[in-house]
Amino acid sequence: MTYRGHVRNGVIVLDDRQCLPEGTEVAVEVTSTSENDTWVERLKDVIGSVDDLPDDMAANHDHYLHGAPRK
């Protein structure tokens with residue numbers, strides 16, 4: 001069974017005011033990214049995951065992606 005809720009003052013409060021018996025074991029899955037996460041935190045799983053990029057990719061990305069003359 002799935003319940004939804006929000007954290008208020010450090011406590012998870014269920015949206016539909018369900019009352020679970022005291023001591024009920026639960027699992028919590030965070031479903032949204034915090035608005036305070038930086039781009040680095042959001043992209044940490046893909047940063048550095050490509051090993052075969054050219055050394056000058058940052059300077060010449062238009063060349064490699066679109067065929068423009070190298071800088």
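As a rough footprinting exposure proxy, the listed residues Met57, Met1 were ranked by other beta carbons within 10 Å of their own, and the order from fewest upward is Met1, Met57.
For the stretch 1-47, the set of trypsin sites (Lys or Arg not before Pro) satisfying both a DSSP loop assignment and a count of at most 10 other C-beta atoms within 10 Å is given as Arg4, Arg17. Once both labels are positioned 7 Å from their Cα atoms along Cα-to-Cβ, the gap between Glu41 and Val11 label points is 2.5 nm.
Quick note on the chain: its Rg to Rh ratio, both from C-alpha atoms and Rh being the Kirkwood radius, is 1.32.
Each reported figure results from applying straightforward, stated rules to the coordinates on display, with no laboratory input. Quantities reported herein were computed from a predicted structural model and do not represent experimental measurements. Glycine also receives a Cβ, built like all others from the backbone with ideal geometry; neighbour counts cover every protein chain displayed.
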